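Quick notes on the structure that follows.
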Amino acid sequence: MMSATIEQIAKCYLVLLTSLASSAERGEPIGDLPQVIANLCAKRMYEAGANELEIEDHFGARIKTYLDRTPECKKRYRSVLETAHLHILICTTLGQKIKRK
């Protein structure tokens, strides 16, 4: 059951992240929303019982898959995904940012 919940959280936040990436690709300002979305996802997954490795496996790996499939010409879209992915790597490596916020 925990894995299904974690998976649902990751999917939900990935939809938000890709929607944000589409907005960025159209030239809309997004500020620090990629980091905010990544952090909120990690926090929700942590609260649902995921550890740092599971967060990286379920959310970080999904972001990486989307990033790998995104053409180089979509620079703004890729930038959003890259920023979120890097943020997840930092959060899961340090762990503390997820737990303390």
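Any read-out appearing in this document is the output of simple, stated calculations on the displayed coordinates, not a laboratory observation. Computed from a prediction, not measured in an experiment: that's the story for all the values here. All Cβ positions, glycine included, derive from the backbone under ideal geometry; neighbour counts span all protein chains shown.
Among LYS75, LYS64, LYS43, the largest mean-square fluctuation in a Gaussian network model of the chain (Cα springs under 10 Å) belongs to LYS75.
Two tests apply to each whole DSSP H helix in the chain, Cα reach of 18 Å or more along its axis and mean Kyte-Doolittle hydropathy of at least -1.0, and the ones passing both are 2-25, 33-47, 75-94. The residues neighbouring SER19, those whose beta-carbon lies less than 12 Å from its own, together hold a net charge of -1 under the Lys/Arg +1, Asp/Glu -1 convention.
Cβ-Cβ distance of VAL15 and SER79, R₀ of 22 Å, FRET efficiency by 1/(1 + (r/R0)^6): the value works out to about 0.75. Residues in region 1-26 near a label at ALA61, defined as backbone nitrogen under 18 Å from the 7 Å Cα→Cβ point? Under cut-off, by backbone N: 1-15.
Between the labelled values [x] 62; [y] 68; [z] 50, the entry that holds percent of Cα pairs over 16 Å apart as derived from this structure is [z].
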